[in-house]
Amino acid sequence: MWQGPRIVEVTAEEAQAAAAHTVLVDVRGEDEWTAGHAPGAVWMPLGRLEGARFELPINRRIVCVCRVGERSARAVAVLLQMGFDAVNLGGGMVEWQARGLPVVRDDGSPG
């Protein structure tokens, strides 16, 4: 039985609405990120997360996102153990796109 912290999930719409007050951290691989991501997201692959603790603001909520929500839930658990306020974007980028929310590439073109 899982004994770690409870992982709170937010919807894609909630994440987008709170974007001015949160940091959206995309933990997917480089090929997934390059194909398209949420505007304003920060790319920080899951494997690099622990070493990047000083790159993230401690005073803002972090919303983690991956393709469907599994890797980002692991990222949230890691961040919570580090003392961050972190939540998971339920359904990941699949849900983000299904809701018709914008997806871009690094050059600003549609993802």
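The values are calculated or read from the model by the stated rules, or taken from the named source; none is laboratory data. Worth saying up front: this structure is predicted, and the values here are computed from it rather than measured. With ideal geometry, Cβ positions are generated from the backbone for all residues, glycine too; neighbour counts draw on all protein chains shown. Surface areas here come from the heavy atoms of the whole protein model, side chains and all, with no ligands, DNA or RNA. Shrake-Rupley method; radii C 1.70, N 1.55, O 1.52, S 1.80 Å.
Assigning unit charges at the beta carbon (Lys, Arg +1; Asp, Glu -1) and nothing else, what dipole magnitude in debye, to the nearest 20, does the range 16-76 show about its Cα centre? Don't skip to the answer; put the middle values down first.
On the way: 8 positive and 7 negative charges, 49 e Å.
Value, rounded to 20: 240 debye.
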Q: Take the Cα atoms of the range 1-97, find their three principal axes, and give me the spread along each one in whole Å, biggest first.
A: 32, 29, 24
Q.
Could you sort 89, 80 by their accessible area in this structure, using a 1.4 Å probe and putting the largest first?
A. 80, 89
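Give me the percent relative contact order of the chain, please, defined on Cα pairs under 8 angstrom at least 6 residues apart.
Details: 192 pairs, mean separation 37.9, N = 111.
Relative contact order for the chain comes out at 34 percent.
Would you please name the chymotrypsin sites (Phe, Trp or Tyr not before Pro) within the range 1-84 that are DSSP coil residues with at most 15 other C-beta atoms within 10 Å of their C-beta? Can you show the working numbers first?
On the way: sites: 2, 33, 43, 54, 84; in loops: 2, 84.
Of the chymotrypsin sites (Phe, Trp or Tyr not before Pro), the ones in loops of the range 1-84 whose Cβ has at most 15 other Cβ atoms within 10 Å are 2.
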Q | Portion, in percent, of the accessible area of the chain that falls on carbon or sulfur, probe 1.4 Å | A | 52
Q. Looking at the chain, what % of its DSSP beta bridges pair antiparallel, to the nearest 5?
A. 15
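What order do 11, 22 take when sorted by accessible area (1.4 Å probe), most exposed first? Please report the intermediate quantities before stating the final value.
Numbers: 11 60, 22 20 Å².
Correct descending sequence by accessible area is 11, 22.
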Q | Residue-normalised accessible area of the chain, given per residue in Å² at a 1.4 Å probe | A | 56
